Amino acid sequence: MLTTRWLTALTATAALTALALPAQAADLRLSATSSLGLSCGVVGARAGLQESRFGGFFEGAYCTSNVQGESGRGAFGAGLTFDVFDAGLISGYVLAGGGVQGGSSVLFAGVGARAGLDLVPVEGFVEAGVQRVNTILQPIYGPRLTVGVTYRVNVGDLSQYASPVTETGSAVPASAGVPVQCSLTPQEDAAAASAATVAAAREALSAAASSYAAGFSDFAYDVNVGGVSINGNSATVSGSVTVSLTSRASGQRTAETYPGTVTLVREGCGWRPTGYSRG
């Protein structure tokens, strides 16, 4: 909640400040990015616009899983930047944004610096910060590092493209969904709850593995389902997760087993995990 409030405040402050500044030439920025293996995005691309001190961007990246035998996944996001100082060839800025990583949403914030040369439309940048991967079971916090090279293209003054906003009508609320009638045996119902739990656990563990890539490598995990208890439209699934990993600092490999319980609610013919408690 605190991260969300800070992100909202930063976005609003940057937007209000940009509105108070005189119009200046805008740059289209096309970038190639990487995390150098220290966080999720191994290689990616970014496209954005910058006018005066305010900018925004969209990005996509291939995200390493850092899990033995598990392939990587795509990560996509968008962010806002606000320049806080300009020292000629070097400028500094703050940034915040969000996106998706696999099946989880992501919030991030940090600081960055750009460096370039006069009359050369190419510059390098580095960004460092934190991210929160919101998995179904629990949020995963980790570092976020991005380095990149940007090619700038001047596109003029963006204010010339502004046009009045016309209200076309109010939105029509979507109709309420009709409950799906399912025909499942108790064994099939329990199997569906178990499968939803395993999928959620794998998503959370994959997010943790990629988020902590700077400190650990060669993640491996095993999800074991113990018992399933169903009471009407709610269920609990108990089990354990065994995680093994190698410390980059010491080279030592360790393995630990963590018991826990996942709560679920019925959703259509299946189940949706809503929480996790350890022990």
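The values are calculated or read from the model by the stated rules, or taken from the named source; none is laboratory data. Computed from a prediction, not measured in an experiment: that's the story for all the values here. All Cβ positions, even for glycine, are placed from backbone atoms using ideal geometry, and neighbour counts span all protein chains on display. Just so you know, the surface numbers come from the protein's heavy atoms only, side chains and all, with ligands and any DNA or RNA stripped out. Shrake-Rupley method; radii C 1.70, N 1.55, O 1.52, S 1.80 Å.
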Which condition number in (1) open to solvent by 70 Å² or more (accessible area, probe 1.4 Å); (2) at pLDDT 80 or above; (3) under 30 Å from the mean Cα position of the chain (by Cα) is the one that residue 188 fails? (3)
Enumerate the pairs (first residue in segment 193-208 and over 19 Å from residue 66 (Cα atoms); second residue anywhere and buried (at least 23 other Cβ atoms within 10 Å of the Cβ) and among the small types (Gly, Ala, Ser)) with beta-carbon separation below 6 Å, excluding pairs fewer than 6 apart on the same chain, so at least 6 apart or on different chains. 193/235
So which residues in segment 124-157 are within 17 Å of residue 59 (Cβ to Cβ), surrounded by fewer than 20 Cβ atoms within 10 Å (Cβ to Cβ) and of a type in the set (D, E, K, R)? 152
Is it true that residue 100 is open to solvent by 20 Å² or more (accessible area, probe 1.4 Å), of a type in the set (Val, Ile, Thr), over 22 Å from the mean Cα position of the chain (by Cα) and modelled with pLDDT of 80 or more? no
With the condition kept exactly as written, say whether any residue in segment 240-255 is more than 24 Å from residue 105 (Cα to Cα), out of contact with any Gly (no Cβ under 6 Å at 6 or more places or on another chain), modelled with pLDDT of 90 or more and of a type in the set (D, E, K, R). yes
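Each row is one residue, and each column tells you yes or no for (1) without any contact (Cβ under 8 Å) to a residue 24 or more places away in the chain; (2) touching a Ser or Thr at 6+ places or on another chain (Cβ under 9 Å); (3) open to solvent by less than 50 Å² (accessible area, probe 1.4 Å).
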position: 236; (1), (2), (3): no, yes, no
position: 240; (1), (2), (3): yes, yes, yes
position: 248; (1), (2), (3): no, yes, no
position: 255; (1), (2), (3): yes, yes, no
position: 273; (1), (2), (3): no, yes, yes
Segment 103-123 - residue that is among the aliphatic types (A, V, I, L, M) and under 19 Å from residue 84 (Cβ atoms) and, of those, most open to solvent (accessible area, probe 1.4 Å): 111
